[in-house]
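Student: Once you've had a glance at the structure underneath, I'll fire off some questions.
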Amino acid sequence: MKVDDSYMRLDLSDLGESYVKKSILNQLKDVDAAIFDCDGVLIDARKSYNLAIAKTVAYLIESLAGVSFPEDVISDRVIIAFKRSGGFNSDWDVAYAILMLTLLRLPGRFRETVKRRVASLQRFEDPLEALRKMREDSARKPVQEEINSMFLKTLGDELMRFAEVLHEDGIDSVDRNIRSDPKLDRDALRLYEETRRFLRHPGGVGESVVPTVFEEFFRGSKLFKESFGQEPKFNMEENGLIDIEKVIIKPEALDRLEALFGGPKFGVASGSFLKPAEYILGSILERFNPEALVFYDEVFRVEMEASRRRGAPVSLKKPNPFSLFKSASALEPFRYAVYVGDSMEDALTVERAREKDPRFLFVGVYHYSPPRDETLTDFLAARCDVVLPTVNELPIILETVRREA
């Protein structure tokens, strides 16, 4: 890959090359704290979350449209296209966005089914119970009709194009672009609004449809019940997609960072939940400063409280730097802190944080963030401070610049 001479290029790993901007070497020498995103950085979640998004979308399309829908239409490339917009740190939001556009693009006879079913479900106070009952009724009927392959190919292309026009405000930009879509007539827009009300998105597990279905498939019935104190309604399998995840960060990398920082000055600012991170990372997470662990559980709680006070939705998800600032506050005092992330949302988070506090540097890691080569290209095109294949090269970079000081 051609890279301009503003970057130092290093070969530190067989997983890929590393890049460091020459202009930030002095700041790197003073780094004495590190904050990490979780998925793609500490945990290899390449398969689990994307599969959970695809399963959630397919399950809800089958439920609402009465049609068999293949999960592989919601490919990694489609999902990454949404995340590259910078406004989809939440996988729930990605699933919601793909679901809504797909429902509106279904052939007319299937949209009529969605219209009838959503109207029938509106009479239930609890949308989750309504969906469960409808699935039970559907299970007693003949095999669902399939959508033709040409439509599915066209749909994949259209989802990619739709993702390209979205912005950092995530689902707000989804709503805005759908409502202004000239392809949609009044009936389609009415269906969109009714479906949106039924799904109750955004919302939490146990009240909103998309997050609940997603977390049941992702966590499996056992961990779902442990996490939320609720019985699953849609996925009774004990194991979830989380069980295919693996740990990325090596204990020796933390050992070396601790030696460099003079203590365990590590935090997490993540759009994922604490319970799954504990499930995969185990004792590794105990090495982090507990006050500097900011997962989506806390972000969501503060969002809901702020939204109630304001009387309107408030988003504190990345690229809002709320979680980064909160984690960093527990690591004070520090001269410079690196934030290690695997997406453009993470890069934008640091960019926004630096508007208020210049002591943050961004380290983009790309090997575990599919599509790998596109992630690397995006980071370099965005002029990120440091670009590494994995988090495990970080201590080597910091040791190298300190030796040459």
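The values are calculated or read from the model by the stated rules, or taken from the named source; none is laboratory data. Note that the structure is predicted; figures quoted are calculated from it, not measured. For neighbour counting, all protein chains shown are included, and Cβ atoms are generated from backbone atoms with ideal geometry for every residue, glycine included. Surface areas here come from the heavy atoms of the whole protein model, side chains and all, with no ligands, DNA or RNA. Shrake-Rupley method; radii C 1.70, N 1.55, O 1.52, S 1.80 Å.
Student: Identify the residue in segment 241-273 that is open to solvent by 60 Å² or more (accessible area, probe 1.4 Å) and among the aliphatic types (A, V, I, L, M) and, among all such residues, is nearest to residue 317 (Cα to Cα).
Tutor: 247
Student: Tell me which of these residue 212 doesn't satisfy, since it passes every other one: (1) in contact with a helix residue (DSSP H, G or I) (Cβ under 9 Å, 6 or more places away or on another chain); (2) assigned to a helix (DSSP H, G or I); (3) among the polar types (S, T, N, Q); (4) over 22 Å from residue 73 (Cα atoms).
Tutor: Among (1) in contact with a helix residue (DSSP H, G or I) (Cβ under 9 Å, 6 or more places away or on another chain); (2) assigned to a helix (DSSP H, G or I); (3) among the polar types (S, T, N, Q); (4) over 22 Å from residue 73 (Cα atoms), the lone unmet condition for residue 212 is (4).
Student: Has segment 129-137 got at least one residue that is outside any helix (DSSP H, G or I) and open to solvent by 20 Å² or more (accessible area, probe 1.4 Å)?
Tutor: Taking segment 129-137 first, the residues outside any helix (DSSP H, G or I) are none.
Checking segment 129-137: not a single residue is outside any helix (DSSP H, G or I) and open to solvent by 20 Å² or more (accessible area, probe 1.4 Å).
Student: Still on this structure, I have one more. In the list 390, 375, which residue meets the criterion of being within 20 Å of residue 80 (Cβ to Cβ), modelled with pLDDT of 95 or more and buried (at least 17 other Cβ atoms within 10 Å of the Cβ)?
Tutor: 390
Student: Please determine whether any residue of segment 92-105 is in a helix (DSSP H, G or I) and more than 23 Å from the chain's Cα centre (by Cα).
Tutor: Within segment 92-105, the subset in a helix (DSSP H, G or I) is 92-105.
Subsequent filtering for residues that are more than 23 Å from the chain's Cα centre (by Cα) retains 104-105.
Checked segment 92-105: at least one residue is in a helix (DSSP H, G or I) and more than 23 Å from the chain's Cα centre (by Cα).
Student: Return a yes/no flag: does segment 174-181 have any residue that is in a helix (DSSP H, G or I), within 26 Å of residue 46 (Cα to Cα) and at pLDDT 90 or above.
Tutor: Scanning segment 174-181, I find at least one residue that is in a helix (DSSP H, G or I), within 26 Å of residue 46 (Cα to Cα) and at pLDDT 90 or above, so the answer is yes.
Student: Taking residue 184 as the residue in question, decide whether it is surrounded by 12 or more Cβ atoms within 10 Å (Cβ to Cβ), part of a loop (DSSP other than H, G, I, E, B) and either free of Cβ contacts under 8 Å to residues at least 40 places away in the same chain or not hydroxyl-bearing (Ser, Thr, Tyr) (or both).
Tutor: When the stated conditions are applied, residue 184 passes them.
Student: Separate question: Residue check: is residue 324 closer than 18 Å to residue 248 by Cα and assigned to a helix (DSSP H, G or I)?
Tutor: No; evaluated as a whole, the condition is false for this residue.
Student: Hey, could you check segment 343-367 for residues that are in a loop (DSSP other than H, G, I, E, B) and at pLDDT 95 or above and say which is nearest to residue 85 (Cα to Cα)?
Tutor: Step by step, filter segment 343-367, then rank; the result is 366.
Student: Identify the single condition in (1) open to solvent by 10 Å² or more (accessible area, probe 1.4 Å); (2) in a helix (DSSP H, G or I) that residue 85 does not satisfy, given that it satisfies every other one.
Tutor: Residue 85 satisfies all of (1) open to solvent by 10 Å² or more (accessible area, probe 1.4 Å); (2) in a helix (DSSP H, G or I) except (2).
Student: Could you tell me how many of the residues in segment 63-73 are open to solvent by 10 Å² or more (accessible area, probe 1.4 Å) and either under 16 Å from residue 148 (Cβ atoms) or not in a helix (DSSP H, G or I) (or both)?
Tutor: So the count comes out to 5.
Student: If I ask for residues that are hydroxyl-bearing (Ser, Thr, Tyr), at pLDDT below 95 and under 18 Å from the mean Cα position of the chain (by Cα), which ones from segment 282-337 would you list?
Tutor: Once the filter is applied, which keeps residues that are hydroxyl-bearing (Ser, Thr, Tyr), at pLDDT below 95 and under 18 Å from the mean Cα position of the chain (by Cα), segment 282-337 yields 296, 315.
Student: Separate question: Which members of segment 7-49 meet the condition of being among the hydrophobic types (A, V, I, L, M, F, W, C), part of a helix (DSSP H, G or I) and surrounded by fewer than 18 Cβ atoms within 10 Å (Cβ to Cβ)?
Tutor: Across segment 7-49, the qualifying residues are 24, 25.
Student: Just to be sure I understand, how many residues within segment 327-342 are in contact (Cβ under 8 Å) with a residue 40 or more places away in the chain and not in a loop (DSSP other than H, G, I, E, B)?
Tutor: Total satisfying the criteria: 8.
Student: Now a separate question. Among the residues of segment 220-240, which ones are closer than 12 Å to residue 275 by Cβ, open to solvent by 60 Å² or more (accessible area, probe 1.4 Å) and either in contact with a Lys or Arg (Cβ under 6 Å, 6 or more places away or on another chain) or outside any helix (DSSP H, G or I) (or both)?
Tutor: Hit for segment 220-240 is 229, nothing else.
Student: Would you mind finding the one in 347, 353 that is within 20 Å of residue 299 (Cα to Cα) and touching a Cys at 6+ places or on another chain (Cβ under 6 Å)?
Tutor: Among 347, 353, only 347 is within 20 Å of residue 299 (Cα to Cα) and touching a Cys at 6+ places or on another chain (Cβ under 6 Å).
Student: For segment 112-140, how many residues are under 13 Å from residue 194 (Cα atoms), modelled with pLDDT under 85 and among the polar types (S, T, N, Q)?
Tutor: Residues flagged as under 13 Å from residue 194 (Cα atoms), modelled with pLDDT under 85 and among the polar types (S, T, N, Q) within segment 112-140 amount to 1.
Student: Another question, if that's okay. Give me the pairs, please: first residue somewhere in segment 247-258 and more than 12 Å from residue 33 (Cα to Cα), second residue anywhere and part of a helix (DSSP H, G or I) and open to solvent by less than 10 Å² (accessible area, probe 1.4 Å), beta-carbon distance under 6 Å, and either six or more positions apart or on two chains.
Tutor: Listed by first residue and then by second, the contacts come to 249/391; 253/395; 256/395.
Student: Can you pull out every residue in segment 357-393 that is basic (Lys, Arg) and either farther than 21 Å from residue 23 by Cβ or in contact with a helix residue (DSSP H, G or I) (Cβ under 7 Å, 6 or more places away or on another chain) (or both)? Before the answer, list the steps.
Tutor: Taking segment 357-393 first, the residues basic (Lys, Arg) are 359, 372, 383.
372, the sole residue that qualifies.
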